[in-house]
Each structure stands twice: as C-alpha cells, then as structure tokens.
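Heads up: the structure comes next, in structure tokens.
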2 protein chains.
Amino acid sequence: MKISELASIAQVSVKTIRYYEQIGLLSPPIRTSNGYRHYQEKDIETLVFIRRCRELNIGLDDIKRLVDTQQDPKSSCALVDNIIAEQLARIQQTQRELALLEQSLAALASCCKSHQIKDCSILQTLKSA
Amino acid sequence: MKISELASIAQVSVKTIRYYEQIGLLSPPIRTSNGYRHYQEKDIETLVFIRRCRELNIGLDDIKRLVDTQQDPKSSCALVDNIIAEQLARIQQTQRELALLEQSLAALASCCKSHQIKDCSILQTLKSA
DNA sequence: CTTAAAGGTTACAGCCACTGGAAGGTCAAT
DNA sequence: ATTGACCTTCCAGTGGCTGTAACCTTTAAG
C-alpha cells in the first residue's frame, strides 16, 4: 500500500511516517519503480503500536526500544516493565506539579477586584510574592 | 550590575537573560565601554516577574503582554484576568488528560506477569488494544 | 610582568516531535 | 492536453531554552 493509505489506516500523518523513517523508528520500505514507498500489512501493526505508545506520551527513543524488543523474542520483559513504570512515574510527578500550579493560578485569578492596572492585585502579587 | 549578578539575584540563567533580550522580552540594557551589558535595579523586578510567570507555566508571548501592560498604567485589568484564566483552564485541561493517561499506564503496568517477551501482556495490549 | 582563571561577547547548533511549505515528479481521469 | 491528487526531497520553524566554539576583558596570583 502507499503511504497515504497506511497513514489513514494507522491514523498517523504522512509527514509523521516519513519522519519516523528518517529517525530510524520505522525501517525503510521497498520502493516501487516510480520511487513511491510501498508498505506491507505488518507496517500497519507497527505504526499503530507506535501511535498507541505516543498516546501514552512515551518518548520516541523509548518507543524505539520497545519496537526493538519486540523483534527479539528472547529478550525479557524487564525493559518493557521499566519503560512503562518510569512513564507512569513521570506522569504522576507532572500531575503533582500541575496541582500546585493550579492552586497558585486559582489563588491569583480570584483576587483581582480592581479595574485599573496600577491597582491590579494579580500584577502586584506576581511582582512581589 | 553585570549580567551574572542580575542572573544570580533574579535566579535566572545568564543564557536565558540574553535570550529574553533577543526575543524582545527584556529591553536591551546600556553597555559599558567594554561592551558588557549594564543593568539597573528595576531590571531585577522585571526579571523576577517574568520568572514567576514562567513558574506558572505562562508562555513568553503572554508574559510579554503582561510586561507591556504594566508599562501602561491606563490599560485595564481585563487582559491580565484573561491570561491568568486561560492559563488556569489550560492547566486543568492538561490535568484531565494526564489523569486518563495515568489510568491507562497503571492498567498496563500491573498486568504483565510473564518474563518472556512473546507472552508480555504489556506488548500484547499495546499491539491490539 | 606574565599568566591563568573567571567572566564577558557573539553566533550557531541542538533538543523534542513533529509541521509547513517550496519545488518538482507521477498518475488517473477528463 | 490538462487538471488535480498524490508522491518525492529538502529546508525552515515551533518553544524555551541549553551547549559549544571562538574570542575579548578583567582580576588575582606567582
């Protein structure tokens, strides 16, 4: 199949597919006589796998490790476990940070009663907190 | 004061100060005869203000608007209110997205009982979920 | 007086994961 | 013959810095 077919089936943009090839995440497909990329059925599977990992916010380098791991049936699950666990930890850490941010912003947002910049309590707080 | 003094007082890196000047967020300071940047006391205030905004994850373009607003005492608080409210909304939206991500990752992380890649339930799930 | 360290300057490249656009080749239908 | 959709490559831009190189100035020590 051609690149746009793969793109629409796997729900990934054409640009992104070429980018993944460029950085070595997808192996280069064979080319037809006119130079067009020609993909196989299994490329759908790989690309959907990558898309799901991206939806979980996993970085492309980690995804590359996961894809490589899948190629080698003898390797252990430890790497996979680690990547998922670390990603979970990162997400949780970010959540904690965002909760603090939210508190600060909410406190700021509710405190401005003035209509003139010189009395704006938001700006006052940001200047001298 | 010199750039490194400003940097250590305002808790912003020297690189970042020069970058802020480059993008027009900080106005260019006067130069001493040797070409070194020479900063005033008020630059500390501005830079701390910017740093606090960044800690609230506010984008540099919005920060620029806030800084400009401060220069003009006649302008109203509406812009400030808007920027803070929008930032709060963005943070809350991100929090909702991360909560979903966390659920997905937690579900994945707890389901792998195997030690061989070919049976790894994490990879199975990611391939065919 | 020389020298070395510490700090200043500019300019360019890299990070992440794409995305946009230009300039051109190919294919199917009209 | 031409239109329009699709393909190709390559280069640049996004945000908010950070790293590095190459060079100049100031300051302290030997």
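Rounded to the nearest 100 Å², what's the accessible area chains B and A bury against each other, both chains counted, probe 1.4 Å? Walk me through the numbers before you get to the answer.
Working: alone 9390 and 9400 Å², together 14740 Å².
About 4000 Å² of accessible surface is lost on pairing.
I need the inter-copy label distances for residue A:22: point set 7 Å along Cα to C-beta, values in nm with one decimal, smallest first.
2.2
Kirkwood Rh, Cα Rg: Rg to Rh for segment B:1-60? Walk me through the numbers on the way to the answer.
On the way: Rg = 11.2 Å, Rh = 11.7 Å.
For segment B:1-60, the value is 0.96.
For each pair in A:2/A:74; B:15/B:64; A:64/B:64; B:2/B:74, compute the distance between the two Cα atoms and list the pairs where it is over 29 Å. Could the numbers behind the result be given before it?
Values: A:2/A:74 33 Å; B:15/B:64 18 Å; A:64/B:64 39 Å; B:2/B:74 33 Å.
The pairs that break the limit, which is 29 Å between Cα atoms, are A:2/A:74; A:64/B:64; B:2/B:74.
State in Å² the accessible area per residue of the protein assembly as shown; use a 1.4 Å probe, count heavy atoms of protein chains only, and round to the nearest integer.
Values: 14740 Å² over 258 residues.
On a per-residue basis, 57 Å².
Counting other Cβ atoms within 10 Å, keep those with at most 15, restrict to DSSP loop, and tell me which chymotrypsin sites (Phe, Trp or Tyr not before Pro) in segment A:5-113 are left. The partial results should precede the final answer.
Working: sites: A:19, A:20, A:36, A:39, A:49; in loops: A:36, A:39.
When the chymotrypsin sites (Phe, Trp or Tyr not before Pro) of segment A:5-113 are filtered for loop state and at most 15 Cβ neighbours within 10 Å, A:36 remain.
Based on the alpha carbons, how large is the Rg to Rh ratio for the protein assembly as shown when Rh follows Kirkwood? Don't skip to the answer; put the middle values down first.
On the way: Rg = 25.0 Å, Rh = 22.4 Å.
Reported Rg/Rh, Kirkwood definition of Rh: 1.12.
Run through the other copies and list how far each one's label point is from that of residue B:103, in nm with one decimal, shortest first; the point sits 7 Å from Cα along Cα-Cβ.
2.5
Enter the mean number of other protein chain beta carbons within 10 Å of the beta carbon of each residue in B:53-60, as an integer. Intermediate values should be presented prior to the final figure.
Numbers: counts 1, 0, 5, 7, 5, 3, 0, 0.
Partner-chain Cβ atoms within 10 Å, mean over residues of B:53-60: 3.
Restricting attention to segment A:28-85, which trypsin sites (Lys or Arg not before Pro) occupy a DSSP loop and are surrounded by at most 15 other Cβ atoms within 10 Å?
In loop regions of segment A:28-85 (DSSP not H, G, I, E or B), the sparsely surrounded trypsin sites (Lys or Arg not before Pro) are A:74.
Ordered shortest first, which distances in nm separate the 7 Å Cα→C-beta label point of residue A:125 from those of the other copies?
Nearest to farthest, the other copies are at 3.9 nm.
In chain A, what percent of the accessible surface is made up of carbon and sulfur (1.4 Å probe, ligands and nucleic acids excluded)? Before the final figure, lay out each step's value.
On the way: 3800 of 7380 Å².
Whole-percent figure for carbon plus sulfur exposure: 51.
Average partner chain C-beta neighbours within 10 Å, per residue of A:98-109?
Mean number of neighbouring Cβ atoms from other chains: 6.
The values are calculated or read from the model by the stated rules, or taken from the named source; none is laboratory data. Fair warning: this is a prediction, and the values are worked out from it, not measured in the lab. Cβ sites come from the backbone with ideal geometry, for glycine too, and all protein chains shown count toward neighbours. Ligands, DNA and RNA are excluded from the accessible area calculation, which covers all protein heavy atoms including side chains. Shrake-Rupley method; radii C 1.70, N 1.55, O 1.52, S 1.80 Å.
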